[in-house]
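Everything on this sheet refers to the single structure shown next.
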Amino acid sequence: MNLVTATGIVFARQVRPELRSPLGLVLTMMEPLVFLVFFGPLLAGLPGVGAGSPWQWFVPGILVMLALFGASGAGYTMITELATGSFERMMVTPLNRAAIMIGHTMKHILILLAQAALIVLVVMPFGFRLHPAGVAAGLLLLVTLGVGLGSLSLALAIAARRQPALFWSVQQFALFPLLLLSGVLLPMENAPSWLAVAAQFNPLRYVVEATRSLFAGDLLHPSVPPGLLAAAAIAALGVVLGTLAMRRASL
Amino acid sequence: MIHTRGLARRFRVRKEVVEAVRGLDIDVGEGELVAFLGPNGAGKSTSLRMLTTLLPPTAGTAVVAGCDVVADPAGTRRRIGYIGQGHGAGEQFVVRDELITQGRCYGMSGAESRTRAAELLDSLDLAEQAGRTAGTLSGGQRRRLDIALGLVHRPRLLFLDEPSTGLDPQNRANLWRHILRLRAESGTTIFLTTHYLEEADSMAERVMVIDHGRVIADDTPQQLKADLAGDVITLTTGTGPEAARAGGVAERFASGPAVTVEGTTVRARVRQGDAVLPELLRTLDGEGVKALTADLRRPTLDDVFLNLTGRSLREGDAEGAAA
Ligand SMILES: Nc1ncnc2c1ncn2[C@@H]1O[C@H](COP(=O)(O)OP(=O)(O)OP(=O)(O)O)[C@@H](O)[C@H]1O
Ligand SMILES: [Mg+2]
């Protein structure tokens with residue numbers, strides 16, 4: 001069985017319960033709209049947001065935030081499966097370990113893509129300009145980021161399988177500095193210099209910049225290669241750590 | 001089907017080292033039904049996890065269904081079925097979907113998996129629950145689903161970790177009916193763990209007693225009981241002196257120094273008590289000793305365990321239940 005088929009099997013298994021009781025899915029889809037409606041308007045006219053529609057600046061950031069929140073929660077489903085024994089059952093089948101991991105993450109990636117489509121549709125009438133090629137490239141970047149973050153989250157879930165509460169503590173502990181130092185919510189241009197320096201060590205910062213350039217249709221902007229590099233590095237790290245965790249999970 | 005040499009596993013919990021399994025040498029042939037019997041923490045699950053590739057051994061080798069578990073884990077996984085101590089089916093997943101997914105995991109086509117799922121739902125009496133999520137099943141139904149998941153790919157070798165724990169006697173009997181039928185129909189080799197003595201005694205053809213990570217006895221339940229426990233004959237007489245004389249007679253029948261006299265009660269540990277008892281009574285008659293009551297107790301596997309370790313498995317059970 002090849003990796004794609006195996007991933008598909010795991011992915012299909014994960015998605016089915018969501019489709020069966022779609023309320024959770026619906027609420028997840030609504031979540032970004034809350035940010036758009038209650039936070040977006042505060043950005044208008046803020047220095048650093050750019051001359052055009054503030055949506056042009058805000059939408060890519062919000063998508064990175066969704067990738068961060070969604071994918072880093074991927075370990076949650078793993079935690080329950082680890083506790084009950086269904087993870088163990090999957091691990092005794094001949095399924096490839098990486099496929100089990102990526103299949104779990106893919107659910108969150110798909111939700112992310114659906115959220116992105118919804119947001120873009122909603123903001124289009126309010127001055128957001130759609131650059132199809134740029135948006136496609138930007139989403140590809142986000143998927144790469146999501147695979148990395150999701151795998152890291154699964155690795156964390158396996159590492160913390162004996163103290164599930166630890167999973168949440170670590171996840172939250174990592175989440176907020178990553179978010180606040182990424183320039184997603186407010187322009188980092190207004191940051192005091194020490195904060196700006198701290199932000200330079202946050203790989204998400206580069207992904208956010210690159211996504212903004214790509215969504216603006218500027219595929220060759222100098223911020224794009226560092227963003228690609230950062231996302232690829234996170235993905236590589238995630239897949240390696242995740243696969244190692246799966247292999248060495250002495251259950 | 002299973003061959004291990006020096007298979008061992010130690011865990012490091014902070015500074016403490018736990019020797020969970022200390023060198024297993026096991027050989028299980030095709031078609032055998034083997035029960036791994038031992039108290040809580042004896043190392044049953046750890047052994048099973050090593051044999052099913054879930055846990056790398058710290059020492060030793062294991063060849064399972066013809067594959068080395070360390071060198072060829074994928075090959076081992078394809079050839080075995082494993083039903084763990086927990087629940088294999090996820091709570092929020094639909095019963096039928098889980099079975100179909102399981103088939104796909106073993107490389108069966110979609111259509112093949114669906115047919116097989118329907119077959120198993122039928123044979124394990126789960127057809128009515130097929131459309132529900134696993135979390136809504138009763139304990140017995142849930143366990144049957146776990147079993148079904150382990151059977152999807154028709155493994156020649158099946159591992160079950162405490163398949164009947166937590167089930168009421170009726171569900172336990174029902175589960176055994178399914179396991180024994182599977183064995184009769186397809187000759188599957190079955191290796192299971194249990195800490196129910198009666199279960200190991202009545203169901204298994206071969207019992208391995210494990211304690212502190214070591215196999216301390218390995219035979220048929222009958223042979224274990226005959227070799228390691230023996231039957232106990234209890235006689236009572238009218239007076240103390242008579243009891244002493246009866247004790248003297250019983251010594252001739254007993255195996256070893258196994259006669260005790262307490263007041264008017266005589267206890268003798270003998271082999272094949274059913275044959276000895278009538279003979280003993282006739283001899284007592286001939287010597288003019290009158291036995292008022294005679295009682296024969298066949299040993300249980302608990303007596304075997306007690307004789308091997310000086311501890312009772314039941315005490316361990318009670319502790320486990322209280323903890
Ligand atoms: N992952 C682990 N980390 C540390 N110690 C472990 C681990 N798994 C098992 N142990 C220890 O190894 C020993 C054997 O455990 P195991 O689960 O194999 O026992 P068992 O015979 O299956 O018991 P039970 O009847 O309670 O299921 C125990 O002392 C247990 O605490
Ligand atoms: Mg166990």
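Side notes on the structure shown:
- Principal-axis analysis of the Cα atoms of chain A puts helix A:3-20 at an angle of about 80° to the longest axis.
- Against the main long axis of the alpha-carbon atoms of chain B, helix B:139-151 sits at an angle near 70°.
- Take each residue of peptide B:104-116, count the partner chain Cβ atoms within 10 Å of its Cβ, and average: the result is 3.
- Candidates B:GLY238, B:GLY140, B:GLY23, ranked by Gaussian network fluctuation over chain B, Cα under 10 Å, top entry: B:GLY238
- Chain A: most fluctuating residue of A:MET188, A:MET65, A:MET30 per GNM, C-alpha cutoff 10 Å: A:MET30
- Altogether, the Stokes-Einstein calculation at 20 °C and 1.002 mPa s, with the Kirkwood radius of chain B over Cα pairs as Rh, returns a diffusion coefficient of 97 µm²/s.
- Alpha carbon convex hull of segment B:109-202, volume per residue in cubic angstrom: 105 Å³
- When both bridge partners sit in the protein assembly as shown, DSSP labels roughly 70% of those beta bridges antiparallel.
- Alpha-carbon radius of gyration plus Dmax, which is the widest Cα pair, for chain A in Å: 18.4, 57
- If only the Cβ of Lys and Arg carry +1 and only the Cβ of Asp and Glu carry -1, the dipole of segment A:3-248 around its Cα centre is close to 700 debye.
- Only helices enter this figure: runs of n ≥ 4 DSSP H residues, each worth -39500 (n - 2.57), summed and divided by the residues of chain B, yield -12500 deg cm²/dmol at 222 nm to the nearest 500.
- Sparse-neighbour loop sites [GluC sites (Glu not before Pro); segment B:1-81; at most 15 other C-beta within 10 Å; DSSP]: B:GLU30
- Here the translational diffusion coefficient of the protein assembly as shown follows from Stokes-Einstein with Rh set to the Kirkwood radius across Cα pairs; for 4 °C and 1.567 mPa s it amounts to 47 µm²/s.
- Long-range HN-HN contacts of B:ALA59 with modeled amide H, under 5 Å: B:ALA8
- Computed over segment B:2-225: relative contact order in percent, which uses C-alpha pairs under 8 Å that are six or more apart: 28 percent
- Between 0 and 90°, nearest 10: helix A:203-215 axis offset from chain A longest Cα axis: 60 degrees
- Its Cα centre serving as origin, the protein assembly as shown has a Cβ charge dipole (Lys and Arg +1, Asp and Glu -1) of approximately 1340 debye.
- A:ILE100 accessible area, assembled protein chains, probe 1.4 Å, Å²: 0 Å²
- Note on B:THR165/A:ALA196: beta-carbon distance plugged into 1/(1 + (r/R0)^6) with R0 of 51 Å gives a FRET efficiency of 0.30.
- Note that segment A:34-45 has calculated 3J(HN,Hα) couplings of 4, 5, 4, 6, 8, 10, x, x, 5, 8, 4, x Hz, one per residue in order, obtained from phi through the Karplus relation 6.51 cos²θ - 1.76 cosθ + 1.60 (θ = phi - 60°); glycine and proline are x.
- Choice from B:MET108, B:MET208, B:MET50 with maximal GNM fluctuation in chain B (Cα, 10 Å cutoff): B:MET108
- Candidate lysines - alpha carbon under 28 Å from B:LYS44, same-chain residues fewer than 8 apart omitted: B:LYS15, B:LYS225
- Between amide H atoms placed 1.01 Å from N, distances below 5 Å from B:ARG214 occur with B:ARG22, all of them 5 or more places distant or on a separate chain.
- Dipole moment magnitude, nearest 20 debye, segment B:2-225 about Cα centre, only Lys, Arg, Asp, Glu C-beta charged: 620 debye
- Sites listed here are chymotrypsin sites (Phe, Trp or Tyr not before Pro) in segment A:165-251 whose DSSP assignment is loop and whose Cβ has at most 11 other Cβ atoms within 10 Å: A:PHE201.
- Shown here for segment B:173-213: GluC sites (Glu not before Pro) in loop regions (DSSP other than H, G, I, E, B) with at most 14 other Cβ atoms within 10 Å, namely B:GLU205.
The values are calculated or read from the model by the stated rules, or taken from the named source; none is laboratory data. On a predicted model such as this, the values are computed, not experimentally measured, just so you know. Don't worry about glycine lacking a Cβ; one is built from the backbone with ideal geometry, like all the others, and counts go over all protein chains shown. SASA here: full protein model, heavy atoms, side chains in, ligands and nucleic acids out. Shrake-Rupley method; radii C 1.70, N 1.55, O 1.52, S 1.80 Å.
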